[in-house]
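Following: one structure in structure tokens, then a few remarks.
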Amino acid sequence: MRPVFYNFPMVSIVLSLVCAVISSVLRGRAARTLSLFLCTAVAVLSACTLGYTVSCGEELTYVMGRFPAPWGNEIRFGIVEPLIALSFSIVLLLCIVGGKKQLQRDIDTGKANLYYVMIDLVQAALLTLSYTNDIFTAFVFVEICTISSSGLLMIRGLGRTTLASIRYLVFSLVGSGLFLIGCVLIYGVTGHLLMPFIKEQIAVLWATGQYRLPLLMIVGLITMGLAIKSGMWPFHFWMPDTYSYTTPASSGILSGLISKIYILLLLRFVFCVFGTEVFYATGIAAVLFVCGLAGMLFGSLRAIRENHIMRMLAFSSAAQIGYIYMGIGLSPALGVAAAVLHILCHAVTKPPLFLAAAELTDAAGGSARFADLQGAAYRAPMSAAVFLIGSLSMVGIPLLFGFITKFRFAAAAITGGGWMMLPALVMLAVSTVLNTMYLLRTVLRIYSTRLEPEEHGPAREAGEPPMAPEPVPHLHSGACFAGATGVFCALNVAFGVWSQPLWDLLVRGLQLL
């Protein structure tokens, strides 16, 4: 008899969908409370599931309904899946809590419940894409995730957010179309929708040399579709407006979670549908490696050129996605483990950066331009401290999570990178320098008190002593912001100091796939 933990993944998905329906008829405050309850409940259920799978050390399959494979529908989970569900539900909870002030300001009271409907649907999509064992179910929830993400963008009601959501939707639908065509071809070639049966058929076809060109097209279409949806270079042009003009909680969710779930779905296809031998034999992994390196370089260069703090963070996200694809291209073992570790690192680092940047923008009178952010740290000291910690982690300073992921990428390149080792190590070094240039430049700007004469008053006469800056009032961040970003920073430091257990868990979990 299966223990009760066996049912928790399915309960989490159903609970998310039920909460979305209930939130549609609630008032904004009640819908927010329900979403917070949902995130907390999913985190608890996922933690219990993770504890059980770690103790039993095997993958489990939950069959839905009375129809067995290959006709029925299934979800499957080992160690990685509940770990991702636990991490993402915590990040989603912290984004909602930390962005409370801006959510109340940016969203019309009559539409607040709709925002939390989208949050609940995002939660359902994140869980299903982590657990599903069926490629058609994956497509359905990819679309649910796309539509709900567009809702998170559009809810603010500005012209720029509407334009950004349309641009995001166009790119996402192109990616979804390619993904759907790949799934249709898989069914046409193998006759199955469940991942284990597809993997068996593809392994046989590849070994016998049958359908080589269709299989190559299938792998290419699905990889390209999910790469477009995740914002891999050169398909990252929707990111700046998408992350810059929506409410900060949505920016954190989109950057830290939604773009990453498509990469995790791609990894699920690599391990559970194509098989690592077939996927890496096609040469598509090398293409991902090159695109990852290009994203690390060009995303960072565009971030350096930006004069808007939110757009700078958006291009930084494009660069960080480049790290992940570089890791996937390196190797199916250590490279992929480093990529998943970086997904977790980015999930707990980039949302607090967006939340802190929004608070600093408020301290600068609502302007996100660097020239106006000068000295903002003295108006919002807590927000500046959070931004400093997040920036240091992204740069890769020791004792923070970002340093660990860069170390793991370097180790993966040296251990099994082959011809990719030198380009990976060089780009890791170059990108670290570039990260330092645009992130620490921003930190120096917000902590600088020097006033520019041409911007802040008439020029002084020769020999006249410099004017002291006028004292500015401190803007105390709310308890919600302080609590949420405090947890984010604590997680960053904790995994920067004690990362080995998490790394061992990831390596062990990937071996079960």
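Remarks
- The set of residues from the range 51-68 being crowded, with 17+ Cβ neighbours inside 10 Å and within 14 Å of residue 10 (Cα to Cα) comprises 60, 62.
- Every pair of residues 6+ apart whose Cβ atoms lie under 8 Å, when the first sits in the range 322-340 and is in a helix (DSSP H, G or I) while the second is among the polar types (S, T, N, Q): 322/431; 323/405; 323/431; 334/415; 338/405
- From the options 138, 207, residue that is among the small types (Gly, Ala, Ser) and open to solvent by 70 Å² or more (accessible area, probe 1.4 Å): 207
- Those residues of the range 148-169 which are open to solvent by 40 Å² or more (accessible area, probe 1.4 Å), under 21 Å from residue 237 (Cβ atoms) and touching a residue at least 24 places away in the same chain (Cβ under 8 Å), in sequence order: 156, 158, 160, 163, 167
- Residue list for the range 285-321, restricted to those being of a type in the set (Phe, Trp, Tyr) and either open to solvent by 10 Å² or more (accessible area, probe 1.4 Å) or free of Cβ contacts under 8 Å to residues at least 24 places away in the same chain (or both): 298
- The condition (being more than 30 Å from residue 484 (Cα to Cα) and assigned to a helix (DSSP H, G or I)) is satisfied by just one residue among 315, 289: 289.
- Among all positions in the range 295-311, there is at least one residue which is among the hydroxyl-bearing types (Ser, Thr, Tyr), on the phi < 0 side of the Ramachandran plot, out of contact with any strand residue (DSSP E or B) (no Cβ under 7 Å at 6 or more places or on another chain) and assigned to a helix (DSSP H, G or I).
- All conditions but one from (1) out of contact with any Cys (no Cβ under 8 Å at 6 or more places or on another chain); (2) under 24 Å from residue 148 (Cβ atoms); (3) crowded, with 17+ Cβ neighbours inside 10 Å apply to residue 38; the one that does not is (1).
- Among the residues of the range 226-257, those identified as of a type in the set (Gly, Ala, Ser) and within 29 Å of residue 35 (Cβ to Cβ) are 230, 231, 244, 249, 250, 251, 252, 255, 256.
- Considering 195, 239, the condition of being farther than 27 Å from residue 72 by Cα and open to solvent by less than 10 Å² (accessible area, probe 1.4 Å) is satisfied by 239 alone.
- The range 425-438 - residue that is under 16 Å from residue 322 (Cβ atoms) and within 22 Å of the chain's Cα centre (by Cα) and, of those, surrounded by the most Cβ atoms within 10 Å (Cβ to Cβ): 431
- Pairs linking a residue in the range 87-113 that is touching a residue at least 60 places away in the same chain (Cβ under 8 Å) and buried (at least 24 other Cβ atoms within 10 Å of the Cβ) to a residue that is assigned to a helix (DSSP H, G or I) and among the β-branched types (Val, Ile, Thr), with Cβ atoms under 6 Å and 6 or more positions apart or on different chains, are 94/487; 95/253; 98/485.
- Only listed residue being touching a residue at least 24 places away in the same chain (Cβ under 8 Å) and surrounded by fewer than 24 Cβ atoms within 10 Å (Cβ to Cβ), chosen from 215, 257: 215
- Scanning the range 352-392 for residues that are outside any helix (DSSP H, G or I), of a type in the set (D, E, K, R) and in contact with a helix residue (DSSP H, G or I) (Cβ under 6 Å, 6 or more places away or on another chain) yields a single hit, 379.
The values are calculated or read from the model by the stated rules, or taken from the named source; none is laboratory data. The shown structure was predicted, so the numbers you read here are calculated from the model rather than taken from an experiment. Virtual Cβ from ideal backbone geometry, glycine too; neighbours counted across all protein chains shown. Just so you know, the surface numbers come from the protein's heavy atoms only, side chains and all, with ligands and any DNA or RNA stripped out. Shrake-Rupley method; radii C 1.70, N 1.55, O 1.52, S 1.80 Å.
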